[in-house]
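The values are calculated or read from the model by the stated rules, or taken from the named source; none is laboratory data. Predicted, not measured: the structure shown is a model, and the values here were computed from it. Methodologically, a virtual Cβ is constructed for each residue, glycine included, from the backbone with ideal geometry; neighbour enumeration extends over all protein chains shown.
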Amino acid sequence: MTMFQYLIGNTDWSVPKLHNIKLLYHDSLASVKLVPYDFDFCCFVNPPYTKLPEIIAIKDARERYYRDNCRELFELQITINHFLNKKRANISGDLCRYTFNKAT
């Protein structure tokens, strides 16, 4: 989820404080999904009322800022590859066909 927030340029969220994040439980606490919402602070929305928190080291909401613990590239590579594969599938149209076929 942190990589998704980074990709869309959203800095208005927090997992520990459950700020702009909902937890969805399925069957037990062992199956918890984080669901982000409220994307008005995303860099592509850029509303006039945006006021960045002082703890964030950027001055403009259109800049991206990674809000997670420092990680090595190899730790993020699985997530990065996931997004790159989705991008490739979407560009080739495979994602649309897959979604359509799964719904029928």
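Worth a mention:
- The residues in region 1-19 that are in a loop (DSSP other than H, G, I, E, B) and either surrounded by fewer than 17 Cβ atoms within 10 Å (Cβ to Cβ) or without any contact (Cβ under 8 Å) to a residue 12 or more places away in the chain (or both) can be counted, and the count is 5.
Here's the yes/no breakdown for (1) more than 15 Å from the chain's Cα centre (by Cα); (2) under 19 Å from T11 (Cα atoms); (3) surrounded by 10 or more Cβ atoms within 10 Å (Cβ to Cβ); (4) among the acidic types (D, E):
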{"position": "K33", "(1), (2), (3), (4)": "no, no, yes, no"}
{"position": "C42", "(1), (2), (3), (4)": "no, yes, yes, no"}
{"position": "V45", "(1), (2), (3), (4)": "no, yes, yes, no"}
{"position": "Y65", "(1), (2), (3), (4)": "no, yes, yes, no"}
{"position": "H82", "(1), (2), (3), (4)": "no, no, yes, no"}
{"position": "A89", "(1), (2), (3), (4)": "yes, no, yes, no"}
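- Which numbered condition F74 fails, given (1) modelled with pLDDT under 85; (2) loosely packed, with under 12 Cβ neighbours inside 10 Å; (3) not polar (S, T, N, Q): (1)
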